[in-house]
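J.: Sharing a structure with you now.
The values are calculated or read from the model by the stated rules, or taken from the named source; none is laboratory data. Note that the coordinates shown come from a computational prediction; the quantities given were computed from them, not determined experimentally. All Cβ positions, even for glycine, are placed from backbone atoms using ideal geometry, and neighbour counts span all protein chains on display. Surface accessibility is based on the protein's heavy atoms, side chains included, excluding ligands, DNA and RNA. Shrake-Rupley method; radii C 1.70, N 1.55, O 1.52, S 1.80 Å.
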Amino acid sequence: MATGLAGAEAVAAALRLRSRLALVTGGGSGIGRAVCQRFAKEGAAVAVVDIDEGAATETLRTLHRDHQQHSVFVADVTSSESVRSLVSQIQSQFSRPPCVAVNCAGITMDSLLLKMQEEAFDRVLQVNLKGTFLVTQAVATALIASGAKKGSIINLASIVGKVGNLGQANYTASKAGVVALTKTSAKELARYGIRCNTILPGFIDTPMAAKVPQKVLDTVLRLVPMGRLGDPSEVADVCVFLASDDSSYVTGASLEVTGGLFM
Ligand code: NAD
């Protein structure tokens with residue numbers, strides 16, 4: 001006699017991140033918010049992390065709660081003390097370290113190279129590159145200490161880190177750095193079962209992209225074979241793949257989510 005799972009049980013069994021704990025930085029906005037929402041639907045418990053408490057709380061309010069409980073944590077990814085405390089607060093609250101971390105926290109401070117202030121260069125490198133390093137290091141340390149046998153770290157870089165972009169010497173350098181950091185992390189952490197991958201989005205419809213002048217966006221859109229901006233949920237879809245066992249043999253990879261821009 002066939003003993004198929006019934007109703008709710010069958011749905012729970014099909015969830016791709018069932019029972020996983022995920023930390024998502026930049027969870028208060030744009031891509032990070034979409035990742036939190038998608039992960040919650042896939043059965044993960046989500047630690048929504050942002051420097052902006054109000055924004056993170058707003059994300060929390062939108063999360064699916066049938067499968068797991070979620071929480072907000074306020075942290076500044078540029079501070080090692082803040083990141084250490086973040087990971088220990090998550091461990092106390094959930095009684096385990098996150099086995100998935102998505103580094104979405106990021107900023108732009110654009111200006112042409114000849115006019116760029118040193119502070120703008122340093123700040124963008126601190127948030128985008130150093131922040132990714134600190135979170136990777138803290139999460140990997142906690143996972144290894146816990147004896148967990150697998151983990152997935154997903155870092156948001158950008159397609160412009162590969163090809164350069166006018167007015168973004170700081171941002172493009174930080175994102176090229178994230179790709180190299182991820183590859184080195186992948187090599188060093190593979191022995192612990194921790195996979196590390198990078199996503200290179202093109203132009204995605206978020207508050208960050210809304211800062212790009214319309215004239216520039218129009219020019220970019222003419223170069224995108226798919227002829228439109230990406231939706232944050234389309235980046236979140238790729239994060240689910242990288243966080244789940246569907247990508248169990250993928251590490252050190254850079255996945256472009258660009259609608260074909262600069263392929
Ligand atoms: P966003 O501006 O909508 O969200 C970024 C979030 O990061 C905000 O909630 C902000 O409060 C948070 N944050 C900023 N500094 C922080 C810090 N020091 N500590 C903790 N949190 C901090 O941006 P987005 O468009 O969702 O981008 C998410 C990631 O994707 C970024 O790394 C960005 O560089 C990358 N990306 C975005 C695009 C795009 O077109 N939107 C394209 C390529 C790459």
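J.: All but one of (1) surrounded by fewer than 15 Cβ atoms within 10 Å (Cβ to Cβ); (2) modelled with pLDDT of 95 or more; (3) not hydroxyl-bearing (Ser, Thr, Tyr) hold for Gln214; which doesn't?
T.: Checking Gln214 against (1) surrounded by fewer than 15 Cβ atoms within 10 Å (Cβ to Cβ); (2) modelled with pLDDT of 95 or more; (3) not hydroxyl-bearing (Ser, Thr, Tyr), the one that fails is (2).
J.: Counting just the residues of the range 93-116 that are more than 16 Å from the ligand (Cβ to nearest atom) and among the charged types (D, E, K, R), which one comes out least open to solvent (accessible area, probe 1.4 Å)?
T.: Arg96
J.: Could you check how many residues of the range 217-263 are at pLDDT 95 or above, assigned to a helix (DSSP H, G or I) and among the β-branched types (Val, Ile, Thr)?
T.: Adding up the residues that qualify gives 3.
J.: Now for a separate question. Take Leu63 and tell me if it is farther than 24 Å from Gly131 by Cα, of a type in the set (A, V, I, L, M) and not in a helix (DSSP H, G or I).
T.: yes
J.: Could you check the range 165-175 and list, in sequence order, the residues that are open to solvent by less than 70 Å² (accessible area, probe 1.4 Å) and in contact (Cβ under 8 Å) with a residue 24 or more places away in the chain?
T.: Taking the range 165-175 and keeping what is open to solvent by less than 70 Å² (accessible area, probe 1.4 Å), we get 165, 167-175.
Gly167, Gln168, Ala169, Asn170, Tyr171, Ala173, Ser174, Lys175, listed by residue number.
J.: Among the residues of the range 186-199, write down those that are under 19 Å from Val35 (Cβ atoms) and either assigned to a loop (DSSP other than H, G, I, E, B) or open to solvent by 10 Å² or more (accessible area, probe 1.4 Å) (or both).
T.: Residues of the range 186-199 that are under 19 Å from Val35 (Cβ atoms), as a first pass: 194-199.
If the condition is that a residue be under 19 Å from Val35 (Cβ atoms) and either assigned to a loop (DSSP other than H, G, I, E, B) or open to solvent by 10 Å² or more (accessible area, probe 1.4 Å) (or both), then Arg195 is the only one that fits.
J.: Mind listing just one residue for me: the one in the range 225-251 that is touching a Ser or Thr at 6+ places or on another chain (Cβ under 7 Å) and open to solvent by less than 40 Å² (accessible area, probe 1.4 Å) and, of those, farthest from Leu21 (Cα to Cα)? Walk me through it before giving the result.
T.: Residues of the range 225-251 touching a Ser or Thr at 6+ places or on another chain (Cβ under 7 Å): 232, 241-243.
Filter once more, keeping what is open to solvent by less than 40 Å² (accessible area, probe 1.4 Å): 232, 242-243.
Working: Pro232: 21, Leu242: 14, Ala243: 11 Å.
Going through the qualifying residues, I end up with Pro232.
J.: Tell me the residue from Val160, Val178, Val139 that is of a type in the set (A, V, I, L, M), away from the ligand (no atom under 14 Å from the Cβ) and open to solvent by less than 20 Å² (accessible area, probe 1.4 Å), please. It would help to see each step written out before you state the result.
T.: Numbers: Val160 fails: away from the ligand (no atom under 14 Å from the Cβ); Val178 fails: away from the ligand (no atom under 14 Å from the Cβ).
So the residue among Val160, Val178, Val139 that is of a type in the set (A, V, I, L, M), away from the ligand (no atom under 14 Å from the Cβ) and open to solvent by less than 20 Å² (accessible area, probe 1.4 Å) is Val139.
J.: Sticking with this one: Taking the condition of being of a type outside the set (A, V, I, L, M), farther than 12 Å from Ala101 by Cα and open to solvent by less than 40 Å² (accessible area, probe 1.4 Å), how many residues in the range 117-136 meet it?
T.: 2
J.: So, one more: How many residues does the range 10-54 hold that are part of a loop (DSSP other than H, G, I, E, B) and either among the β-branched types (Val, Ile, Thr) or within 16 Å of the ligand (Cβ to nearest atom) (or both)? Walk me through it before giving the result.
T.: First, pick out the residues of the range 10-54 that are part of a loop (DSSP other than H, G, I, E, B): 15-20, 26-29, 42-44, 51-52.
Narrowing the set further to residues that are either among the β-branched types (Val, Ile, Thr) or within 16 Å of the ligand (Cβ to nearest atom) (or both) leaves 26-29, 51-52.
Of the residues in the range 10-54, 6 are part of a loop (DSSP other than H, G, I, E, B) and either among the β-branched types (Val, Ile, Thr) or within 16 Å of the ligand (Cβ to nearest atom) (or both).
J.: Which residues, counting only those in the range 142-157, are within 13 Å of the ligand (Cβ to nearest atom) and touching a Leu at 6+ places or on another chain (Cβ under 8 Å)?
T.: At the first step, the residues of the range 142-157 found to be within 13 Å of the ligand (Cβ to nearest atom) are 154-157.
Correct list: Ile154, Asn155, Ala157.
J.: Give me the pairs: first residue in the range 1-19 and modelled with pLDDT under 70, second residue assigned to a helix (DSSP H, G or I) and surrounded by 10 or more Cβ atoms within 10 Å (Cβ to Cβ), beta-carbon distance under 6 Å, and six or more apart or on different chains, which are they?
T.: From residues that are modelled with pLDDT under 70, the pairs are Leu5/Ala13.
J.: For the range 158-172, state whether one or more residues are within 26 Å of Leu86 (Cβ to Cβ) and either part of a strand (DSSP E or B) or among the small types (Gly, Ala, Ser) (or both).
T.: Filtering the range 158-172 down to residues within 26 Å of Leu86 (Cβ to Cβ) leaves 158, 161, 170-171.
Next, from what is left, pick out any that are either part of a strand (DSSP E or B) or among the small types (Gly, Ala, Ser) (or both): 158, 161.
Scanning the range 158-172, I find at least one residue that is within 26 Å of Leu86 (Cβ to Cβ) and either part of a strand (DSSP E or B) or among the small types (Gly, Ala, Ser) (or both), so the answer is yes.
J.: Only one of Thr78, Thr62, Thr57 is within 8 Å of the ligand (Cβ to nearest atom), of a type in the set (Ser, Thr, Tyr) and surrounded by fewer than 22 Cβ atoms within 10 Å (Cβ to Cβ). Can you tell me which?
T.: After applying the criteria, what remains is Thr78.
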